[in-house]
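Structure first, then comments.
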Amino acid sequence: MPRRHPCAHPGNSYVFESLAQRFSGIFSGLGRSGQLNEKNIDEGIKEVRKALLEADVNLNVVRAFVERVRAKAVGLEAIRGVKPHEQFVKIVQDEMTALLGGEPTRIKWNDRGPTVIMMVGLQGTGKTTTTAKLARWLMKRESKKPMLVAADVQRPAAIEQLRVLGRQLDVPVYAEEGGRPPKICRRGIKAAIDKGCDVVLLDTAGRLHIDDTLMDELEDIRDKTDPQEIWLVVDSMLGQDAVTSAAEFNQRLDVTGMILTKTDGDARGGAALAIREVTGKPIRYAGIGEKLDQLEEFVPGRMAQRILGMGDVVSLVEQAQEVIDQEKAQEQVERMLMDRFTLDDMKDQFQSVLKMGDMKALLQKLPGGAALTDEQMAGMPQDREMRQMVAVIESMTPRERVDPTVLHMQRRHRIARGSGTSVKTVGEVIKAHREMGRQVKQMKKQGLMGRMASRAMTRQKKKRLKKHKRDGTDIKKWF
Ligand SMILES: Nc1nc2c(ncn2[C@@H]2O[C@H](COP(=O)(O)OP(=O)(O)OP(=O)(O)O)[C@@H](O)[C@H]2O)c(=O)[nH]1
Ligand SMILES: [Mg+2]
């Protein structure tokens with residue numbers, strides 16, 4: 001089997017990947033030293049500072065952040081039952097959450113007509129793509145009926161681009177050939193009311209640089225449409241430049257939030273970390289790829305955990321939710337954490353990964369996942385093999401799926417025949433299953449996964465107990 005991960009195509013990095021690795025290292029280093037004292041707090045803080053600077057975070061933001069952490073860490077008093085370095089981790093986590101915006105912001109809905117959301121930003125940042133992604137998101141998650149309005153008359157192909165996206169999503173698009181954008185937007189909102197749409201997304205034109213003509217036009221659109229939200233689309237790959245231009249946009253337009261795009265191509269995350277502190281405006285969503293379902297809600301607390309290498313199981317589950325049902329996803333994660341990962345679970349995972357695409361991104365959302373090396377990742381099978389493996393597992397009996405140790409040669413021959421594969425492939429499936437178990441164990445050792453696992457265990461126990469009380473199922477095997 002080729003030793004290459006299915007998603008290891010070039011350029012597919014993941015925002016905060018390197019930071020998460022750094023932080024995992026810093027924290028486990030502090031953990032090893034046992035006691036916290038002035039000296040190792042100092043060292044920890046120095047490492048945090050270095051990590052942030054390497055992530056291309058604005059120097060002033062780093063300074064202020066580090067000072068806030070230091071102020072809290074210096075007064076740290078021992079709490080019984082809590083290891084000192086864990087207290088330090090908690091401080092960094094809290095400060096990181098605050099830096100990213102604290103509590104998530106909700107959309108300001110208009111209760112007297114359609115909610116108008118105006119999308120602004122420099123050329124090529126991803127406004128049009130994100131407008132379509134948002135329409136999809138609003139339909140799926142908020143049960144809204146959106147309409148897209150083409151307010152970009154600068155680029156000849158812009159209208160057609162929006163129309164194509166609208167057709168893909170089955171969402172109406174309002175466009176006029178020629179004419180002035182503020183008027184087009186006004187008429188677009190009217191058309192939305194006539195069609196019974198409850199959200200209007202205005203896709204405005206971008207410019208190469210911020211200039212007065214662009215700003216005047218945007219102000220005019222804002223004044224004529226009175227939007228509930230003005231979202232600035234920012235290309236995270238531009239790093240500190242993205243932060244500078246966001247500040248300028250915000251000064252002129254007083255935006256209500258920001259959307260960070262192309263985070264899939266930005267492993268450093270400098271813009272994401274500094275932009276909220278510099279503009280004072282929250283990041284609302286993050287674009288994580290070119291496809292229309294590659295948009296994530298930006299939740300500061302969860303993001304902080306991911307940055308600090310603690311994983312983000314919640315958004316992992318949410319992402320899986322559209323493909324597999326939530327309960328199953330949660331259970332799979334929990335079973336993985338508890339070493340009860342059967343071949344059936346592996347089959348389900350392969351099938352959902354085949355649907356979802358990116359296994360690396362998924363694994364990185366698991367606690368300790370950021371610390372996985374490319375080498376560890378490389379052991380993961382590719383699409384075609386995954387399909388073969390699914391066929392192999394489907395040819396096994398239920399008992400074999402739960403306990404692969406019973407799979408002696410005769411059974412392997414039977415399975416190979418049944419699945420139209422070879423004995424070698426059957427062996428590889430068994431090996432891959434073992435390998436996955438081994439990797440999960442390793443991840444546990446690397447991070448805070450142990451605690452997660454015990455929490456998961458408690459949750460599972462409670463669930464079993466409830467089920468047992470309800471319909472008398474056998475619970476012994478679970479304890
Ligand atoms: N990888 C990746 N690509 C993205 C993302 N969002 C947008 N893009 C790509 O960025 C390019 C520009 O996207 P557009 O949506 O056309 O950008 P725009 O801001 O509307 O551009 P103008 O209308 O010319 O100002 C396209 O190739 C998109 O596919 C993202 O989150 N990740
Ligand atoms: Mg556009």
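Every number here is computed from the coordinates shown, using simple stated rules; none is lab data. Computed from a prediction, not measured in an experiment: that's the story for all the values here. Because the Cβ atoms are built from the backbone with ideal geometry, glycine has one as well, and the counts that use them run over all protein chains shown.
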### Task
Please list the non-local residues whose amide H lies under 5 Å from the amide H of Thr115, H modeled 1.01 Å from N, same-chain partners needing a gap of 5 or more.
Asn110, Val199, Val200
### Proximal charge balance of Glu142 [Cβ under 12 Å; K/R count +1, D/E count -1]
+4
### Query
Stretch Asp42-Ala191 to full length: gain in nm at 0.36 nm per residue minus the Cα-Cα span?
47.6 nm
### Task
Neighbouring Cβ atoms within 10 Å as the yardstick, rank Arg401, Arg284, Arg141 fewest first.
Arg141, Arg401, Arg284
### Task
Let me know the charge dipole size of segment 115-300 about its Cα centre in debye, to the nearest 20, where only the beta-carbon of Lys, Arg (+1) and Asp, Glu (-1) is charged.
580
### Task
List the relative contact order of segment 115-300 as a percent without decimals, with contacts defined as Cα pairs under 8 Å and 6+ residues apart.
26
### Task
With a 10 Å radius around each residue's Cβ, average the other Cβ atoms per peptide and rank 198-206, 24-32, highest first.
198-206, 24-32
### Task
Fewest Cβ neighbours within 10 Å first, please rank Ser143, Ser395 accordingly.
Ser143, Ser395
## Note on the structure
Fewest-first ordering of Ile393, Ile430 by Cβ atoms within 10 Å yields Ile430, Ile393
### Query
Around Arg207, which amide H atoms from residues at least 5 apart in sequence, or from another chain, sit under 5 Å from its own amide H, with H modelled in the peptide plane?
Gln123
